[in-house]
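Notes follow once the structure below has been shown.
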Amino acid sequence: MKDHTSNFSSQEATHFNDLSRLYFVTGKGGVGKTTLSLALTRYLKSCGLKAHYICFTSRGDHKLSKDLKISYQQLDIAESVMAYIADKLGSKLIASWILKTPFFKSIFDMVPGVSDMILLGDIVDKLMKDPELIIVLDSPSSGHTIAMLESPHNFKEMFGKDGILTNDIKKMHKSLYSANFFKGIVCTLPTPLAIHEGMEVKNFLQSHNFVDIDLVLNNSLVNTSNLKMETLPSFLKEKIKFEQEIQAKYSKQISQILPHSIYMSKKKIICELEEKMEKLV
Amino acid sequence: MIKIPSKPIEIFCGTGGVGKTTLATSRALYLTSQGLKVLVITIDPAKRLKEILNLDEENAGVIQTIDASVFNKDVSYKFDALLMSPQTTLNRVGIKHDLINDFNNPILKILARPHGGMNEIMSVLELQYHLQSKVYDTIVLDTPPGKHFIDFLIATKKINAFFDKSYLDIFKYLNKPISAATPEQAKKSKKVVSLIIKSGIKKLLSYLEHVTGASFVDNFINAVVSVYKSKDSFLSSLSFQKNLKQQTFSNWFLVTSADQQKIDEALSIHDQAQSFFHKDSYILINKCISTHLNDWHPKASSPDYQLKKSMLQTELNLLKYAKKHFSNCISFNEVLAWHSVHQVQKLSEQWSKTPHL
């Protein structure tokens, strides 16, 4: 990463040595994962780093990423699985044949974790091949994330001591759990239930030995700039007071608070958030 | 009068964090208050229901009776609640087919963990069980968000594919009898075996062994064989899928929330569940604030005007979308409350409203 930090003082350059390689942005649907992921990617790029934004499934917004000058990559599970099997067996033809058999098809159907695990392995591989690369992963919503990160552990147990898969899982875990590799960002909203859910995801990740996890409170009305309390209707005053109480109660658990933006355009909202990303990096 | 007629099964679906569990529980509470016998089931491994109803995780898989007085101290009726436990469901199937030892398979046990991958398929079996027992007037179902909900919808399709006849041949080849074969069948299966060997199943299993290790293949085959032996239980769930589509059998509620930015996600769930929805499916918009802000008229171009606009944006978009795709919509006003029991109580009152659009 040294080449990219020339614009910064040496102190800042040292700071960059602690950067994580994989920013895993998760949380319930609709809490702002994509917005946060794009803002974070833009911030990392503005620091001169080689940051890529990768999106799961079809949630991604190709046009928005383009507007923000962020290269957009969508992961394709079927492709990853095929590439992995082809690599293991040394033949694309056999791999495509195997994946077409009802036997294997139903294995992948009944046990969806297999494909998720292969996909995660693919991402880790990308990072190992290019030591300068940083990936911001706009992850699936928390339930799916939990299944995805838990499945390698389950399969390791299932496959026992031998076999290529067990060895590959071990290899993947070695990278994933190495220092300054994985950083989890759990995005949540300012309601008691949402925060509770966010903390549950955080606890899950930590219980699986992912230690570096930040809980980020998004869409906070309390922190919206230029609010004049006296002109607001009573419901909003009440809502803001309620959010203040929530923030006070969970201040220790929350790493960063992002304001509700009064902008209507996604691009503007993301650019506004970009300035608040330093604390998460 | 119940404004939305109750059905044997009522399904709450939607993206994460919109309030599916809270609304499902409020519906259960409301229907109970109208004199129905109700069971609310959550098949979401996140088990929000556990917190709302203060249930014990250890009792997952066991029906627990909830006293409605926790929501409203003036009432005395009760309803039942169940946290899905795939292992409990699997055990029940095991007992029914006398396969308890076979089901003790390490792979089956891992797959039957809440996030192990078989949750959705086992959920279909669990629901079928309670529907057939006919104890309840209505079963309110709280589903997991996103992909796992889709997994639930296509679970019977997967079951069907799994028990596909052509697939059975593998076990015949492996000399793992599924049922006692008549001499005629045995003769036929010999033929099949030679066919399979030609088509390369032996090769296929050797690839599997190469990738996963030998001990896995052995456990795996045994796991599949024991599931096969109980296939009647699995296949009986196929009728459930058909019933789900019937208007007299199911109420579908697509839950959305005015505090979330994602309409396209709701849209994608809607698309995938389209074949199940019927004319009287409902869209619910939770956490609406427009009625709360009705009397607030900030001057155009003032910062407050901008604030109001930005806060109402999602709600208005959701309404627009609802009008386009649904004939019934119910808006639930946001409830500012620390405790979910208060929210459930407040929301249950809103069920007596007439749907709009």
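Some points to look at:
- Candidates in the stretch A:165-185 are the residues that are within 12 Å of another protein chain (Cβ to nearest Cβ) and of a type in the set (Val, Ile, Thr); of these, the one that is farthest from A:SER207 (Cα to Cα) is A:THR166.
- Residues of the stretch A:262-281 that turn out to be of a type in the set (Val, Ile, Thr), within 19 Å of the chain's Cα centre (by Cα) and assigned to a loop (DSSP other than H, G, I, E, B), as a count: 1
- All of (1) of a type in the set (A, V, I, L, M); (2) more than 30 Å from B:PRO144 (Cα to Cα); (3) touching a residue at least 12 places away in the same chain (Cβ under 8 Å); (4) within 12 Å of chain B (Cβ to nearest Cβ) hold for A:MET229 with one exception: (3).
- Residue list for the stretch B:85-121, filter: assigned to a loop (DSSP other than H, G, I, E, B) and away from every other protein chain (no Cβ under 14 Å): B:SER85, B:HIS97, B:ASP98, B:LEU99, B:ILE100, B:ASN101
- Among residues of the stretch B:20-56, those that are within 14 Å of chain A (Cβ to nearest Cβ), over 27 Å from B:GLY116 (Cβ atoms) and of a type outside the set (A, V, I, L, M), counted: 1
- Counted as qualifying within the stretch B:201-305 are the helices (runs of 4 or more DSSP H) with 3 or more residues that are within 13 Å of chain A (Cβ to nearest Cβ) and touching a residue at least 40 places away in the same chain (Cβ under 8 Å), namely B:214-229, B:263-273.
Let's see how each residue does on (1) crowded, with 21+ Cβ neighbours inside 10 Å; (2) over 19 Å from A:ALA86 (Cβ atoms); (3) touching a strand residue (DSSP E or B) at 6+ places or on another chain (Cβ under 9 Å):
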position	(1), (2), (3)
A:PRO131	no, yes, no
A:ASP138	yes, yes, yes
A:ALA147	yes, yes, no
A:PRO152	yes, yes, no
A:LYS161	no, yes, no
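- Positions within the stretch A:78-91 being without any contact (Cβ under 8 Å) to a residue 60 or more places away in the chain, surrounded by 14 or more Cβ atoms within 10 Å (Cβ to Cβ) and within 11 Å of another protein chain (Cβ to nearest Cβ), in sequence order: A:TYR84, A:ILE85, A:LEU89
- The one condition in (1) within 8 Å of another protein chain (Cβ to nearest Cβ); (2) buried (at least 16 other Cβ atoms within 10 Å of the Cβ) that B:GLN313 fails to fulfil: (2)
- The set of residues in the stretch A:137-164 that are more than 7 Å from chain B (Cβ to nearest Cβ) and under 30 Å from A:SER37 (Cβ atoms) comprises A:LEU137, A:ASP138, A:SER139, A:THR145, A:MET148, A:LEU149, A:SER151, A:PRO152, A:HIS153, A:PHE155, A:LYS156.
- Residue check, A:SER225 at pLDDT below 90 and among the hydroxyl-bearing types (Ser, Thr, Tyr): yes
- Any chance B:PHE216 is buried (at least 17 other Cβ atoms within 10 Å of the Cβ) and either under 23 Å from the mean Cα position of the chain (by Cα) or at pLDDT 65 or above (or both): yes
The rows are residues; the columns are (1) closer than 24 Å to B:GLU349 by Cα; (2) among the polar types (S, T, N, Q); (3) surrounded by fewer than 19 Cβ atoms within 10 Å (Cβ to Cβ).
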| position | (1), (2), (3) |
| --- | --- |
| B:PHE253 | yes, no, no |
| B:PHE276 | no, no, yes |
| B:LYS279 | no, no, yes |
| B:LYS287 | yes, no, no |
| B:SER302 | no, yes, yes |
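- Qualifying residue in the stretch B:338-354 (condition: of a type in the set (Phe, Trp, Tyr), surrounded by 16 or more Cβ atoms within 10 Å (Cβ to Cβ) and at pLDDT 90 or above): yes
- In the stretch A:5-43, the residues that are modelled with pLDDT under 80, more than 14 Å from chain B (Cβ to nearest Cβ) and surrounded by 15 or more Cβ atoms within 10 Å (Cβ to Cβ): A:THR5, A:ALA13, A:HIS15, A:PHE16
- Among the residues of the stretch B:10-35, those that are within 17 Å of B:ILE63 (Cα to Cα) and of a type in the set (A, V, I, L, M) comprise B:ALA24, B:ALA28, B:LEU29.
- Among the residues of the stretch A:166-195, those identified as over 16 Å from the mean Cα position of the chain (by Cα), over 30 Å from A:PRO259 (Cβ atoms) and touching a residue at least 40 places away in the same chain (Cβ under 8 Å) are A:ASP168, A:ILE169, A:MET172, A:SER175.
- Of the criteria (1) without any contact (Cβ under 8 Å) to a residue 60 or more places away in the chain; (2) under 22 Å from B:ALA28 (Cα atoms); (3) crowded, with 17+ Cβ neighbours inside 10 Å, which one B:ILE52 fails: (1)
Here is a yes/no grid of residues against (1) assigned to a loop (DSSP other than H, G, I, E, B); (2) in contact with a Pro (Cβ under 6 Å, 6 or more places away or on another chain); (3) closer than 22 Å to A:LEU22 by Cβ:
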residue: A:HIS196; (1), (2), (3): no, no, no
residue: A:ASN203; (1), (2), (3): no, no, yes
residue: A:GLN206; (1), (2), (3): no, no, yes
residue: A:ASP214; (1), (2), (3): no, no, yes
residue: A:SER225; (1), (2), (3): yes, no, no
residue: A:LYS237; (1), (2), (3): no, no, no
residue: A:ALA248; (1), (2), (3): no, no, no
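- Test: residue in the stretch A:247-261 that is modelled with pLDDT of 95 or more, more than 25 Å from the chain's Cα centre (by Cα) and among the basic types (Lys, Arg): yes
The values are calculated or read from the model by the stated rules, or taken from the named source; none is laboratory data. Quick caveat, the model's predicted, so the values are computed rather than measured. Glycine also receives a Cβ, built like all others from the backbone with ideal geometry; neighbour counts cover every protein chain displayed.
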